[in-house]
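What follows is calculated from the coordinates using simple rules that are stated; it is not laboratory data. All values reported here derive from a predicted model rather than from experimental measurement. With ideal geometry, Cβ positions are generated from the backbone for all residues, glycine too; neighbour counts draw on all protein chains shown.
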Amino acid sequence: MDNKEYTLIKKQLTSLMDQSDLTINGLAEGTNLSSMTIRKILLQQTKPSVQTLEKITAFFEITIAQLFSEKLINIKRIEDIEALKDFYEDNKSNPEYFSSRSKEGIATYFLRNVLIKDQYFSEPRRAKEIHVYIKENPKYSKNFNPKVIAKVLDRMYNEGILKRMDKTGKKSVFYYSVNS
């Protein structure tokens with residue numbers, strides 16, 4: 001397997017997890033794979049075996065060829081994918097399996113879909129300032145872990161959603177703003 005194939009599988013798997021609202025732990029549980037295996041695939045540190053690929057494709061009702069395709073896979077509605085539907089029903093009360101319900105997932109959703117629309121983000125802000133703003137603004141009153149906020153902001157920067165400035169030049173304190 002070459003680097004391109006690793007990159008394609010990572011891209012497809014990340015997209016499948018986003019579309020199905022699954023965390024690494026959720027995907028691991030649903031496919032009967034270890035979370036370490038899923039992490040290593042996403043970090044491109046392991047070549048997934050045929051058996052691993054078969055478990056993933058069976059869970060999402062896709063083909064192995066689709067995992068290696070440049071074109072992103074669009075899965076059917078969750079209700080139409082038997083294994084995924086059963087997984088959702090069996091694990092409703094387990095928030096760690098679903099991105100939108102895990103603590104980091106809730107912070108990610110909030111920053112990507114709510115706070116990014118706030119004028120506050122038009123000016124460059126440090127992660128600590130953003131944390132205080134979210135916590136003390138009566139409009140939000142959310143107390144997310146500052147490290148989680150910093151991690152989500154960094155991810156949003158890496159995805160091109162936010163701009164990041166290093167005003168100190170030490171690569172330790174960053175200022176984030178909307179990438180317009």
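Things to note:
- Charge dipole magnitude, Cβ of K and R +1, D and E -1 - the chain, Cα centre, debye nearest 20: 1080
- Residue range of the chain that is longest and free of trypsin sites (Lys or Arg not before Pro) which are both DSSP loop and sparsely packed (at most 12 other C-beta within 10 Å): 1-70
- Computed [θ] at 222 nm, deg cm²/dmol, the chain (DSSP H ≥ 4; -39,500 (n - 2.57); rounded to nearest 500): -15000 deg cm²/dmol
- Pairwise FRET efficiency - THR7 versus GLU96, Cβ, R0 = 41 Å, nearest 0.05: 0.90
- Per DSSP, loop GluC sites (Glu not before Pro) in region 121-179 with at most 12 further Cβ within 10 Å: GLU159
- In the calculated pair-distance distribution of region 3-97, the portion above 19 angstrom amounts to 33 percent of the Cα-Cα pairs.
- Loop-resident sites, region 1-108, for chymotrypsin sites (Phe, Trp or Tyr not before Pro), counting at most 15 other Cβ within 10 Å (DSSP): PHE68
- Spin-label model distance (nm) - GLU54 vs LYS139, 7 Å beyond Cα toward Cβ: 5.4
- Spin-label pair ILE161/LYS147, simplified geometry with 7 Å Cα→Cβ offset, distance in nm: 2.1
- Low-density loop positions, GluC sites (Glu not before Pro), region 38-76 - DSSP coil, at most 11 other Cβ in 10 Å: GLU70
- Simple Cβ-charge dipole of region 103-178, Lys/Arg +1 and Asp/Glu -1, about Cα centre, in debye nearest 20: 180
- Extension gain (nm, one decimal) between SER34 and LEU72, 0.36 nm per residue minus Cα-Cα: 11.3 nm
- Label separation (ARG112 vs ASP154): 1.8 nm, computed from points 7 Å beyond Cα along the C-beta direction.
- Placed amide H near ARG125: partners under 5 Å, 5+ positions off or other chain: TYR176, SER177
- Three-way shape label, the chain, alpha-carbon gyration tensor, a/c 1.5: prolate
- Separation of alpha-carbon centers, region 84-148 and region 1-53, rounded to whole Å: 24
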